[in-house]
Every structure is written in structure tokens, then in C-alpha cells.
Amino acid sequence: MIRRQRVVAVLAAALMTIPLAACGDGGGQKPAREGFTVGLLLPSRTVPRWEHSDRPLIEAQVKKLCPGCSLEYANAENDVTRQRQQMVSMVTKGAKVLILDAADTRAVRSSVQEARRAGVDVIAYDRLAEGPVTGYVGFDARHVGRLQGEGLLEGMGRRSGGAGVVMMNGDPASPNAALYRKGALSVLTGKVKIARSYDTLDWSAQNAHNNMSAAIAALGPDRIDGVLAANDSIASGVVAALKSAGVTKFPPVTGQDADLDAVRRIVAGEQYMTVYKPFKDEAAAVAAMAVAVGKGEDPADSATTTTDSPTTARIPSVLLTSEPVTVDDIQRVLVDRGVYTVARICTPGLRAACDRAGLTR
């Protein structure tokens with residue numbers, strides 16, 4: 001305990017702690033022998049899935065696996081300094097395990113080190129944070145990129161030669177962004193011409209809109225045969241920029257996360273595909289690892305493989321698989337599995353398009 005207080009004091013001297021939005025179990029503090037505190041740190045509200053899917057799923061799974069546990073929650077709002085402050089606050093409050101989806105995987109390295117020195121395990125979630133993380137749960141990012149590249153080629157009719165593709169990559173602060181790009185290029189290289197390539201800070205739709213507007217101005221809308229958008233937020237900015245430029249026949253645009261708005265864009269013919277990552281399975285896996293580690297169990301017992309980060313080798317990991325979703329896959333992948341109902345997808349304005357897609361028959 002003295003060691004924990006000393007480490008926290010060092011951290012707090014550099015960072016002023018900010019208030020956290022906490023979600024407890026509603027039943028009062030449990031004795032230590034019955035439970036412990038799990039901290040959940042998510043990176044932003046820019047990507048809808050963090051608040052709409054990941055947070056409630058993880059909270060529910062932690063509670064299911066450990067009824068006596070409490071959960072502290074914080075969102076970094078794309079601010080790594082804030083996230084480091086949130087980590088300090090959670091360690092100070094006595095969290096035993098942190099589930100960390102890093103706003104910047106490199107910048108949090110020292111905070112992960114200090115948490116471990118204080119006896120707090122850190123489980124990296126969705127993005128592999130640097131530093132001595134205890135475990136990692138996420139998806140095979142290269143595979144996601146390959147699915148996007150394959151989907152783009154399919155949407156373009158696998159034309160070759162002079163086809164011009166705009167690469168709308170993710171935030172370079174995320175190691176996943178580089179892996180998505182590498183996976184996509186492993187499919188696209190030699191088959192299409194990469195006309196322009198942009199990084200999208202904060203995975204922001206507005207930044208994507210600005211970049212896509214620049215691409216349209218430089219190339220002309222008729223010379224853009226496809227857009228490799230790294231996720232659905234970026235795709236939304238791309239589609240908005242195409243509309244602003246007066247484009248009515250959209251080139252194939254990829255995405256990722258199967259956001260509800262993206263699914264609606266796919267039905268409407270504005271976005272060609274997305275990649276569905278089963279967030280419920282990811283949440284269940286990270287909750288299971290966090291609870292097991294909190295109980296003193298070996299994280300390797302919850303893992304299916306290992307992963308190397310730039311700082312740590314053979315991290316016990318769970319890497320889940322993803323699926324591509326075009327308009328023909330919505331019923332099977334998303335509706336039949338209960339991700340969305342037809343009623344949520346098919347707004348009144350999309351009724352005719354849903355009929356054509358076979359979703360309302």
C-alpha cells in the first residue's frame with residue numbers, strides 16, 4: 001500500500017487529476033474478499049461504438065462475472081493527457097485492474113509502467129498500448145484491412161491499371177491504423193493506382209471531410225474510382241464531401257465497425273461495405289481476462305495466442321475475427337444475430353431501398 005501511494009504521488013505531481021464519470025454496482029462497496037474495482041478507460045466519443053456498444057457490454061460482462069466487483073469508467077475525449085490523469089485517479093481510488101483503450105498507444109507507456117509499479121494490472125483493449133501490459137484483447141487489424149481491400153476491389157469490379165483510389169487512413173497515433181493500411185495494401189498493390197493517401201487525426205468525420213474535399217479538388221470527382229476509408233466515421237466524412245461536391249453516383253467506399261448510420265448508408269447505396277467486429281465477443285473476452293487477473297489468475301489462461309508490442313514480447317492475447325458486410329450481408333450478419341433490427345435500419349426514408357435489399361419482405 002505504501003508503494004502504491006508513493007507511485008501515485010509521483011504521477012500526481014506531474015498530472016492534475018480530473019473528475020471521472022463513475023459507474024458502480026449500485027449496491028455499495030463490497031468487502032475486498034468479495035470483489036474489487038475494475039477501471040475502464042475508453043479513448044473518445046468520436047467513434048460511436050465506444051459509448052454505444054463497448055462501454056455497456058463491458059460493464060454488463062464484468063458485473064455478470066463478478067457481482068461483487070465495481071467498475072469505474074472514464075472517456076479521454078481524444079486527449080491523452082486527460083487519459084493519463086484518469087489512470088492516476090483510478091489507481092488512487094484503488095482499482096485492481098485497468099481495461100485501457102489508449103487514446104495514444106505510445107504516449108501512455110509511462111502511465112502503464114507506473115500503474116504496474118503500483119501493483120495495478122493493465123489489459124490493453126482494441127488497441128495494443130505500449131508498456132508492460134498484462135494482456136491484450138482485440139481484432140486482427142491486418143485481416144480487417146485485407147477485408148476492406150477485397151471489398152473495395154469487389155465494389156470496383158476488380159478493374160486494374162489506371163483505377164484511382166483515395167486512401168483515407170486512420171489516426172497515426174493508433175497502431176491499428178498502420179496495420180489496417182498494410183492489410184489493405186497487401187490486396188490493392190499492383191491492382192489499382194493509389195491516387196492520394198491521407199491520415200485522419202482522431203478518426204474524425206470532419207477531418208475526413210476536409211481530406212476528401214482536398215482529394216476531390218486535386219483529382220476531380222470523376223477520377224476517383226474508390227475510397228478506402230479506414231472506419232465508418234471516416235466513411236461518413238467521405239460521403240459528406242462527395243455530396244458537397246455534387247456527386248450523385250458514389251464510388252465504392254469502405255468502412256469498419258458496422259455503425260448503424262453506416263449500415264443505413266450501405267442500404268442507400270452511399271457506402272459499399274463495412275467490417276463487422278463482434279463487439280459482444282470482444283467485451284466478453286476482455287471482461288473475462290480482467291476479472292481473472294483481478295482474482296490473481298494467470299492471464300495466459302484466458303488467452304488464445306500471444307502478441308508482441310514495440311516494448312513487450314509475448315503478451316497473452318485474444319484476437320477475434322471480423323466479417324465484411326455489404327448490402328447482401330446485412331440480414332445474415334447483423335439482423336439475424338440481433339445486432340440491429342430491420343425497424344432500426346429501415347427508417348421511413350429508406351423504405352424503398354430496404355425493399356430492394358430484401359430487408360422488409
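Looking at segment 264-308, which GluC sites (Glu not before Pro) are DSSP coil and have at most 14 other C-beta atoms within 10 Å of their C-beta? Spell out each step's value before the answer.
Numbers: sites: Glu270, Glu282, Glu297; in loops: Glu270, Glu297.
Answer by residue number: Glu297.
What nm distance separates the two modelled labels at Thr81 and Ala178, each placed 7 Å from Cα along Cα→Cβ?
2.5
Among DSSP beta bridges whose residues both lie in the chain, state the antiparallel percentage, nearest 5.
Within the chain, antiparallel bridges account for around 20 percent of the total.
Note down the relative contact order for segment 96-235 as a percent, whole number, built from C-alpha pairs under 8 angstrom at least six residues apart.
24 percent.
What length, rounded to one decimal in nm, is gained on full extension from Lys64 through to Ala343, with 0.36 nm per residue of separation minus their alpha-carbon distance?
Working: separation 279, 0.36 × 279 = 100.44 nm, distance 2.93 nm.
Separation in residues times 0.36 nm, less the Cα-Cα distance, equals 97.5 nm.
Mean-square fluctuation check for the chain, GNM, Cα pairs under 10 Å: which of Gly349, Gly135, Gly294 is largest?
Evaluated over the chain, the most mobile residue of the options is Gly349.
Taking θ = phi - 60°, what integer Hz values does the Karplus form 6.51 cos²θ - 1.76 cosθ + 1.60 yield along segment 98-109, in sequence order, with x for Gly and Pro?
Computed from phi, the couplings for segment 98-109 are 10, 9, 10, 9, 6, 5, 9, 5, 7, 5, 8, 4 Hz.
Quick check: from the Cα gyration tensor, does segment 142-229 come out rounded (a/c under 1.5), prolate or oblate?
oblate
Can you list the lysines whose alpha carbon sits under 27 Å from that of Lys249, skipping same-chain ones fewer than 8 residues off?
Lys191, Lys193
Take the chain, connect every pair of alpha-carbon atoms lying under 10 Å apart with a spring to form a Gaussian network, then pick out the residue of Val166, Val88, Val339 with the largest mean-square fluctuation.
Val339
What is segment 257-361's relative contact order, in percent, from Cα pairs under 8 angstrom and six or more apart in sequence? Could you put the intermediate results ahead of the total?
On the way: 107 pairs, mean separation 31.0, N = 105.
Here the relative contact order equals 30 percent.
Please report Leu242, Leu320 as a ranked list, fewest other C-beta atoms within 10 angstrom at the top and most at the bottom.
Leu320, Leu242
Suppose each label sits 7 Å from its Cα in the direction of the beta carbon; what would the Leu219-Asp336 distance come out to in nanometres?
My value for the distance between the label points is 3.5 nm.
Normalising by the residue count of the chain, find the relative contact order in percent from Cα pairs under 8 Å and 6+ residues apart.
With pairs under 8 Å counted, the relative contact order is 16 percent.
Among Arg223, Arg49, what is the fewest-to-most ranking by other Cβ atoms within 10 Å? Mind dumping the intermediate values first?
On the way: Arg223 16, Arg49 21.
Going from sparsest to densest Cβ surroundings: Arg223, Arg49.
Have a look at Thr248, Thr46, Thr134 and tell me which one the Gaussian network model of the chain (Cα, springs below 10 Å) gives the largest fluctuation.
Result: Thr248 has the largest fluctuation of those listed.
Long-range amide H contacts for Leu98: which residues qualify at under 5 Å (H placed 1.01 Å from N, peptide plane, sequence gap of 5 or more or a different chain)?
Sorted by chain and number, the residues that satisfy this are Gly39, Asp121, Val122, Ile123.
Segment 73-143 to segment 265-324: how many Å between their Cα centroids?
Answer, in whole Å: 15.
When the dipole is taken about the Cα centre of segment 227-361, and only Lys, Arg (+1) and Asp, Glu (-1) are charged at their Cβ, what size is it in debye, to the nearest 20?
Rounded to the nearest 20 debye, it is 640 debye.
Tell me which of Met289, Pro316, Val335 sits at the most positive position along the dipole axis of segment 284-361, charges placed on C-beta atoms (Lys, Arg +1; Asp, Glu -1).
Toward the positive end, the furthest listed residue is Val335.
Net charge near Ser204, counting Lys/Arg +1 and Asp/Glu -1 over other residues with Cβ under 13 Å of its Cβ?
Values: positive: Arg45; negative: Glu77, Asp171, Asp199, Asp202, Asp232.
Its environment carries a net charge of -4.
Every number here is computed from the coordinates shown, using simple stated rules; none is lab data. Fair warning: this is a prediction, and the values are worked out from it, not measured in the lab. Virtual Cβ from ideal backbone geometry, glycine too; neighbours counted across all protein chains shown.
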